[in-house]
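The values are calculated or read from the model by the stated rules, or taken from the named source; none is laboratory data. In this text, all values refer to a predicted model and were calculated from it rather than measured experimentally. In this analysis, Cβ positions are derived from the backbone assuming ideal geometry, glycine residues included, and neighbour counts consider all displayed protein chains. Each accessible area value is taken on the protein alone, full model and side chains, heavy atoms only, with ligands, DNA and RNA left out. Shrake-Rupley method; radii C 1.70, N 1.55, O 1.52, S 1.80 Å.
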Amino acid sequence: MKRFKFLQFFICLVIGFSSVAQNPNDCTNAILLCGNTDLGLTPSGAGTNDFASPNNQVPSCYNFPFDQAWFRVEIENTGSFRFDLVPDVANADYDFAVFGPVTDCNNLGAAIRCSSTNPQWAGVSGNTGLNDTETDVTEGPAANGNGYLREIDATAGEVYYIIVGLAAGTGGFQLNPGGTATLPPAPVANPVQDQEFCDNLGPQDGIREFDFTQFDATIINGQSNVIVTYHESLNDANIGTGALSFPYTNSTSTFSVFARIERTDSNCTDFTEFEIVVDENGIPNDLDEVVVCSVNNTQSYDLAANVDLFVANASSYNITYHDTEQDAFNDTNPINPNVTATTTQTFYFLKVTDPAGIICDSVVRVPLRLYNPPVVQNPNNYLVCDIENDGLEQIVLSDLTSEILGALDPNLFEVRHYLTNNDRSVPTNNLSGTPQISQPVTSIFSRVTDVNSGCFTDLDFNVVLNRTPDLRMQDPIIICEENTQPITIGVEFGFEFYEWSTGESGQDTNTIDVLSPGSYTVTVTNNEGCTSQLTIEALPSSKATIDEIITQDFRNGDNTATILVSGSGDYEFSVDDGAYQSSNFFDGLYKGYHDLRVRDRNGCGVIFATFVTLDYQRFFTPNQDGFNDYWTFDGLKEYPGAQLFIYDRHGKLLKQLSPDTVGWDGTYNGNPLPSSTYWFTLEIENRPKVSGNFALVR
């Protein structure tokens, strides 16, 4: 129950009461402000154009063309009059004007207060009105003003009119009058307690007929010259429209009623609200389907024995059983509560009567249907392979569930697994995910439930942990690319079945012959059906291919060579029958020819080659003793296009040697040259030009 006690004033209509009141959107239908309560209203449209009268001037700040409401203020005792207008929707733009003191709506004259401030433009709230702090009497439009004007100093007997217009926005408003002046007395709408009713109209759907005039005496409580009307909304009650006629039929089981009390001598009003609840304390009568689980297609079911499932505290009530809802309503044709459940849903109806009269009579509908428990696949023994052969393994419950369900839709059936029958019965501690087992044989207790009916099937089986084939890891083997003979690879013998990635398979196929490098995987199955896989890598290797020998020459006995090779092998190198080394770099090489060997560490062969490092003698002694008689350039014949020139110290050309010559004998035109320093230049295509000097010693 609610009384509309706001701040200081009550409301009344200036028009006489009728079953259909007028909308207060023009002056002649203005709402009279009374007593000590505020007003809540939503303006609707513009009524008669009051400013068409020559004695009524359009307010200077706004012409009020849209939704508007009028109020009449009658001053009974001298004092100040002010008010607050508070929009229901923040920043809604409400404008107002005040006229008076006047005699009637045809002689309003000019407005004595006018406000048209736009709250958003002015940066203020949507609240507007008169107060005791402002000094201005007009403001607006747009950003001009703050929404408030100076209050009115009113004298007893004066009459004022207020027009309120919605310039922009939506929603209603609260009008809260104030000040020291007093207004006509208002009646009091005495409160009505919230009411509860039993449904007495047709099915128990919360709908029935009402006559609220039974509450008139409570609301009036001895007041005279008053009338009471009832409304569906506060707005209707405020403006006196939409009064309910009786009998009244509700549309929802819980609703509010707004009562309006009006004085017949002054038209002042007051309001109160109370709530109606239909069947709030009734017996719940719309039950979920009652499921009977059975492997048969029919099953007897005793409604009376199970009545506590349908009606709480059933022993406190008188209950009869019926085949139809109408029979239950009429208390006719009761039946034996021992009925038959079938696979087709059947409805039975219970008439519930409270002998104490506290609870309304109710008819409870019981939908009854039989469901068969799910038919599942029992795995008997569920085999799990011990992948690591360590006595521990995880069960993949999703795989186990799929095997149990078979063709059943997993979205319609729930499967849960337990380690004990007691856990399944409770149920509690169901397994999830991938639980680990550590016993050779583990018992599992499972329950498959139909999610629609709740019927279930229990099954028990063992999870058996079996070893997997134990295969020895193997190092990679080497296959020489030049090899034309197959190599045999294999794993342990004695298992049930072998299947190779080459497609070869069989009970005795633990070895195969391979000729090409690659990965060869064998899947081995033992007699328990467990498998293991092993991959044997056959890596390629080959003789080296010498791509390039890069030499650094003319280093006076410290020449170098870098051997560049390609191939799939792992190579080591030897020069001039020296020890093999993994590095392909050699230094300390003298001029001339060198023997090279490149060997594959994997045993796929050795390749031989010869290379030359170019260098020259720093001196020679052409004395015919058989030692250093010629100045030579060993290995130059490998460069048949080379040009070698010898000069004396003055740059005179003495000799041009061909690449295949034995050397220079130290003569010029057959004549021996003296001991001295001589110069040479060497030009070889695609190589830098080389020049240097050497000594001739006699």
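Pick out the one residue from Thr661, Thr677 that is open to solvent by less than 90 Å² (accessible area, probe 1.4 Å), under 19 Å from Thr621 (Cβ atoms) and outside any loop (DSSP other than H, G, I, E, B).
Details: Thr661 fails: outside any loop (DSSP other than H, G, I, E, B).
When all the criteria are applied, what remains is Thr677.
Among the numbered conditions (1) touching a Pro at 6+ places or on another chain (Cβ under 9 Å); (2) open to solvent by 80 Å² or more (accessible area, probe 1.4 Å), tell me where Asn527 comes up short.
(1)
What is the number of the single condition among (1) open to solvent by less than 70 Å² (accessible area, probe 1.4 Å); (2) touching a residue at least 60 places away in the same chain (Cβ under 8 Å) that Tyr148 does not meet?
Tyr148 satisfies every listed condition except (2).
Pull out all pairs, ordered by first then second residue, where Cβ-Cβ is under 8 Å, the residues are six or more apart or on different chains, the first lies in segment 366-384 and is without any contact (Cβ under 8 Å) to a residue 40 or more places away in the chain, and the second is of a type outside the set (D, E, K, R).
Note: pairs meeting the criteria are Gln377/Ile404; Gln377/Leu405; Gln377/Gly406.
Output the number of residues of segment 235-268 satisfying the condition of being open to solvent by less than 10 Å² (accessible area, probe 1.4 Å) and in contact with a helix residue (DSSP H, G or I) (Cβ under 7 Å, 6 or more places away or on another chain).
Initially, segment 235-268 is screened for residues open to solvent by less than 10 Å² (accessible area, probe 1.4 Å), giving 237-238, 240, 250, 257, 259-262, 268.
Next, only the ones that are in contact with a helix residue (DSSP H, G or I) (Cβ under 7 Å, 6 or more places away or on another chain) stay: 257, 259-261.
So the count comes out to 4.
Kindly establish whether Glu638 is of a type outside the set (A, V, I, L, M) and touching a Lys or Arg at 6+ places or on another chain (Cβ under 9 Å).
Details: of a type outside the set (A, V, I, L, M): yes; touching a Lys or Arg at 6+ places or on another chain (Cβ under 9 Å): no.
For Glu638, the condition - of a type outside the set (A, V, I, L, M) and touching a Lys or Arg at 6+ places or on another chain (Cβ under 9 Å) - is not met.
Quickly run through segment 32-58 and pick out the residues that are out of contact with any Gly (no Cβ under 8 Å at 6 or more places or on another chain), surrounded by 18 or more Cβ atoms within 10 Å (Cβ to Cβ) and either acidic (Asp, Glu) or at pLDDT 90 or above (or both).
Asp38, Asp50
Restricting attention to segment 345-376, and to residues there that are charged (D, E, K, R) and assigned to a strand (DSSP E or B), which single residue is surrounded by the most Cβ atoms within 10 Å (Cβ to Cβ)? Please lay out each step first, then the result.
As a first pass, look at segment 345-376 and keep what is charged (D, E, K, R): 351, 354, 361, 365, 369.
Filter once more, keeping what is assigned to a strand (DSSP E or B): 351, 365, 369.
Working: Lys351: 22, Arg365: 16, Arg369: 16.
Among them, the one singled out is Lys351.
Determine whether Ser568 is of a type in the set (S, T, N, Q) and modelled with pLDDT under 95.
Details: of a type in the set (S, T, N, Q): yes; modelled with pLDDT under 95: yes.
It is true that Ser568 is of a type in the set (S, T, N, Q) and modelled with pLDDT under 95.
For (1) surrounded by fewer than 16 Cβ atoms within 10 Å (Cβ to Cβ); (2) modelled with pLDDT of 95 or more; (3) not in a loop (DSSP other than H, G, I, E, B), each residue gets a yes or a no:
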residue: Ser60; (1), (2), (3): yes, no, no
residue: Asn63; (1), (2), (3): yes, no, no
residue: Phe66; (1), (2), (3): yes, no, no
residue: Phe71; (1), (2), (3): no, no, yes
residue: Val89; (1), (2), (3): yes, no, no
residue: Ala97; (1), (2), (3): no, yes, yes
residue: Asn106; (1), (2), (3): yes, no, no
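Can you name the condition, by its number, that Glu325 falls short on among (1) open to solvent by 30 Å² or more (accessible area, probe 1.4 Å); (2) without any contact (Cβ under 8 Å) to a residue 60 or more places away in the chain?
Glu325 satisfies every listed condition except (2).
Table: residues versus (1) under 26 Å from Pro87 (Cα atoms); (2) among the charged types (D, E, K, R); (3) modelled with pLDDT of 95 or more.
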site: Thr138; (1), (2), (3): yes, no, yes
site: Ala168; (1), (2), (3): yes, no, no
site: Gly179; (1), (2), (3): yes, no, no
site: Asp194; (1), (2), (3): no, yes, no
site: Gln204; (1), (2), (3): no, no, no
site: Ile207; (1), (2), (3): no, no, no
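Could you please find all residues in segment 432-481 being under 23 Å from Thr511 (Cα atoms) and either open to solvent by 50 Å² or more (accessible area, probe 1.4 Å) or not aliphatic (A, V, I, L, M) (or both)? Steps first, please.
Step one: of segment 432-481, the residues under 23 Å from Thr511 (Cα atoms) are 467-481.
Answer for segment 432-481, where residues must be under 23 Å from Thr511 (Cα atoms) and either open to solvent by 50 Å² or more (accessible area, probe 1.4 Å) or not aliphatic (A, V, I, L, M) (or both): Arg467, Thr468, Pro469, Asp470, Arg472, Met473, Gln474, Asp475, Pro476, Ile478, Cys480, Glu481.
If only one of Thr180, Thr213, Thr218 is among the hydroxyl-bearing types (Ser, Thr, Tyr), out of contact with any Phe, Trp or Tyr (no Cβ under 7 Å at 6 or more places or on another chain) and over 28 Å from Ile75 (Cβ atoms), which one is it?
Of Thr180, Thr213, Thr218, the one residue that is among the hydroxyl-bearing types (Ser, Thr, Tyr), out of contact with any Phe, Trp or Tyr (no Cβ under 7 Å at 6 or more places or on another chain) and over 28 Å from Ile75 (Cβ atoms) is Thr218.
In a helix (DSSP H, G or I), open to solvent by 80 Å² or more (accessible area, probe 1.4 Å) and over 19 Å from Thr531 (Cβ atoms): is that true of Asn422 in this structure? Walk me through how you get there before you give the answer.
On the way: in a helix (DSSP H, G or I): yes; open to solvent by 80 Å² or more (accessible area, probe 1.4 Å): yes; over 19 Å from Thr531 (Cβ atoms): yes.
Taking the combined requirement at face value, the residue satisfies it.
Within segment 377-407, how many residues are β-branched (Val, Ile, Thr), open to solvent by less than 80 Å² (accessible area, probe 1.4 Å) and under 13 Å from Cys530 (Cβ atoms)?
In the first step, residues of segment 377-407 are kept if they are β-branched (Val, Ile, Thr); the result is 384, 387, 395-396, 401, 404.
Imposing the further condition that a residue be open to solvent by less than 80 Å² (accessible area, probe 1.4 Å) reduces the set to 384, 395-396, 401, 404.
This time we only want the ones that are under 13 Å from Cys530 (Cβ atoms), so: 384.
Selection size over segment 377-407: 1.
Any idea which of Gly157, Gly126 is out of contact with any helix residue (DSSP H, G or I) (no Cβ under 9 Å at 6 or more places or on another chain) and either farther than 30 Å from Asn250 by Cβ or not in a loop (DSSP other than H, G, I, E, B) (or both)? Before the answer, list the steps.
Numbers: Gly126 fails: out of contact with any helix residue (DSSP H, G or I) (no Cβ under 9 Å at 6 or more places or on another chain).
One residue alone meets the criteria, Gly157.
Please specify each residue of segment 474-524 satisfying the condition of being more than 53 Å from the chain's Cα centre (by Cα) and small (Gly, Ala, Ser).
Gly494
Taking segment 160-206 as the region of interest, how many residues are part of a loop (DSSP other than H, G, I, E, B) and open to solvent by less than 10 Å² (accessible area, probe 1.4 Å)?
Looking only at that region, the number is 7.
Tell me which residues, restricted to segment 577-608, are without any contact (Cβ under 8 Å) to a residue 24 or more places away in the chain, closer than 19 Å to Glu638 by Cβ and either aromatic (Phe, Trp, Tyr) or open to solvent by less than 70 Å² (accessible area, probe 1.4 Å) (or both).
So the first thing to find is which residues in segment 577-608 are without any contact (Cβ under 8 Å) to a residue 24 or more places away in the chain, and the list is 577-584, 595, 608.
Applying the additional criterion that residues be closer than 19 Å to Glu638 by Cβ yields 595, 608.
Phe608, the sole residue that qualifies.
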